[in-house]
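All remarks here apply to the structure that follows.
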Amino acid sequence: MTYATDRIHEEIAYIALHFHWSLESILDLEHRDRRRYTEQISALVSRASGEG
């Protein structure tokens, strides 16, 4: 099973925007770790904006 290229780019952009990590650092992450970071960032953003 492959992972959609557009989705990978979205995850990279999201993590880079919030954590200011390099592309190389983000690509070095395992897929499940990258997804976990995006989920955690989303939860923090929601909490900070009063949505959750």
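Each reported figure results from applying straightforward, stated rules to the coordinates on display, with no laboratory input. No experiment lies behind these values; they were computed from the predicted model shown. All Cβ positions, glycine included, derive from the backbone under ideal geometry; neighbour counts span all protein chains shown.
Some points to look at:
- If the condition is being exposed (fewer than 11 other Cβ atoms within 10 Å of the Cβ) and either within 15 Å of residue 7 (Cβ to Cβ) or among the polar types (S, T, N, Q) (or both), then the stretch 17-26 contributes only 22.
- Residue 42 of a type in the set (Ser, Thr, Tyr), surrounded by 12 or more Cβ atoms within 10 Å (Cβ to Cβ) and out of contact with any Ser or Thr (no Cβ under 6 Å at 6 or more places or on another chain): yes
- Of all residues making up the stretch 28-52, the number that are more than 11 Å from the chain's Cα centre (by Cα) and assigned to a helix (DSSP H, G or I): 6
- Qualifying residue in the stretch 4-13 (condition: polar (S, T, N, Q), surrounded by 10 or more Cβ atoms within 10 Å (Cβ to Cβ) and either in contact with a Phe, Trp or Tyr (Cβ under 7 Å, 6 or more places away or on another chain) or outside any loop (DSSP other than H, G, I, E, B) (or both)): no
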